[in-house]
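Read the structure below first, then the notes.
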Amino acid sequence: MSAPVFLLSSERSGSNLIRVMLGSHPEFCAPHSPHLIKVFVPLLPNYGPLTNTESLLQLAKDMVHVVDIQLRGWPHLPAPEEVVEHCAEPSFAGLVMSLYGLAAKHENKSRVFIKDNGNMQHAADITLLFPDARFVYLVRDARDVALSWKKSPGHPGGVKEAAKMWRAEQAYALQFISMCPDPSRIAVIHYEDLVGSPEPELCRICETVGVQYDDKMLEFYKGDEAKTSADAAIGWKNLTNPVMTNNHGKYLSELSIGEQKAIERIAGRQMLQLGYDPIREHDLSAAQSGTLAKLFRAGRAAIPQLLRGPAGIKELKKRAKRLAGMREIMIRAGRHNPQWHRAGQHAPNDQPGQSES
């Protein structure tokens with residue numbers, strides 16, 4: 001089986017929409033997310049050397065169990081022994097490819113699309129585990145993500161919690177993209193473009209992952225996977241509808257100004273990096289840095305230096321100059337990168353409508 005494709009995306013960003021789109025391609029098997037990367041990568045040292053048959057089988061048993069208890073059924077749930085038998089190498093990556101490979105074989109597919117919550121935090125691990133991996137980075141406006149989060153009964157914590165999640169995960173993804181030695185392996189897709197002009201965005205994805213575009217991807221809502229996913233959770237009900245082209249910018253009419261300000265204060269810097277301009281007035285450099293707490297700590301640290309006299313004052317001045325220089329570079333360089341911006345700027349849509357799939 002050739003290169004697996006991993007999705008990097010925050011929750012409520014259209015990740016299931018793009019999953020069923022890819023799963024409608026004749027070559028791709030795109031089963032529901034079992035979160036194998038997030039769950040097992042931190043635990044791998046506890047299993048010991050996977051060249052040991054018992055260790056490998058125990059890991060396979062635990063992985064199959066995690067797949068079995070997810071919200072959606074798996075195309076083909078094998079016995080752990082079958083997973084080990086079809087494992088090309090005694091490793092976690094080998095077991096993952098065996099599990100997905102058996103699912104793909106069941107669907108007569110030749111490629112796999114792996115959508116897991118937590119992939120963004122483990123993107124660097126994925127490149128080590130799967131050297132031939134390709135990536136789709138799907139990003140959505142933090143304010144619409146927070147609105148969708150707020151509406152979802154399965155996502156407690158409100159818009160501030162959503163904004164913090166979005167900020168952290170985009171920071172992981174942007175760092176990974178910046179450090180990736182081969183950016184051609186990553187398709188950066190904005191949700192607003194995907195729903196506004198789905199065919200060219202899907203063509204870009206297909207080009208990145210090395211398959212021919214197929215019109216069946218736009219008919220995702222007719223497939224069994226879309227129907228069974230929509231039945232599994234209320235947050236996925238829109239998967240049985242065609243692409244909702246105006247499904248963006250709804251935060252303008254459905255979030256309060258206070259909620260919008262809170263999201264932009266928390267996630268504004270990453271929003272700027274990704275081409276989502278905040279519409280409220282903010283000092284983003286201060287808002288995201290815990291300025292008051294840092295000033296308090298700096299004041300306490302400065303007192304012993306001042307008591308040292310001229311030598312302490314000289315050191316404080318040098319430290320202040322160093323911090324100011326680094327801060328200036330961080331603010332300037334952290335604002336925009338045209339490669340991560342949307343292909344076309346979409347005017348916010350303030351009409352009411354459905355939430356994202």
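One table, with the values for the structure above:
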read-out	value
Leading residue by the ranking (nearest to residue 60 (Cα to Cα)) among those in segment 84-94 that are over 23 Å from the mean Cα position of the chain (by Cα) and of a type in the set (A, V, I, L, M)	84
Cβ-Cβ under 6 Å pairs, at least 6 apart or on other chains, segment 204-233 side among the acidic types (Asp, Glu), far side assigned to a helix (DSSP H, G or I) and at pLDDT 75 or above	225/20; 225/23
So residue 99, is it hydrophobic (A, V, I, L, M, F, W, C), farther than 18 Å from residue 17 by Cα and surrounded by fewer than 23 Cβ atoms within 10 Å (Cβ to Cβ)	no
Where a residue in segment 155-182 is outside the structural domain of residue 128 (by TED's automatic domain parsing) and its partner, wherever it lies, is among the acidic types (Asp, Glu), with Cβ under 6 Å and at least six apart	159/259
Filter result for the condition that a residue is surrounded by 21 or more Cβ atoms within 10 Å (Cβ to Cβ), within 29 Å of residue 20 (Cα to Cα) and under 24 Å from the mean Cα position of the chain (by Cα), over 113, 40	113
Residue check, residue 16 touching a residue at least 60 places away in the same chain (Cβ under 8 Å) and either outside the structural domain of residue 203 (by TED's automatic domain parsing) or among the polar types (S, T, N, Q) (or both)	yes
Residue match in segment 70-89 (condition: modelled with pLDDT of 95 or more, crowded, with 21+ Cβ neighbours inside 10 Å and within 20 Å of residue 19 (Cα to Cα))	no
Selected residue [at pLDDT 95 or above and closer than 27 Å to residue 280 by Cβ] from 172, 191	191
Filtered residue count, segment 131-149, keeping only those that are surrounded by fewer than 20 Cβ atoms within 10 Å (Cβ to Cβ) and in contact (Cβ under 8 Å) with a residue 40 or more places away in the chain	2
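Per-residue answers, yes or no, for (1) surrounded by 15 or more Cβ atoms within 10 Å (Cβ to Cβ); (2) at pLDDT 80 or above; (3) farther than 17 Å from residue 167 by Cα:
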| site | (1), (2), (3) |
| --- | --- |
| 266 | yes, yes, no |
| 272 | yes, yes, no |
| 275 | yes, yes, no |
| 294 | no, no, yes |
| 297 | no, no, yes |
| 302 | yes, no, yes |
| 326 | no, no, yes |
| 334 | yes, no, no |
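The values are calculated or read from the model by the stated rules, or taken from the named source; none is laboratory data. Model, not experiment: these values are computed from the prediction. Neighbour counts run over all protein chains shown; Cβ positions are idealised from the backbone, glycine included.
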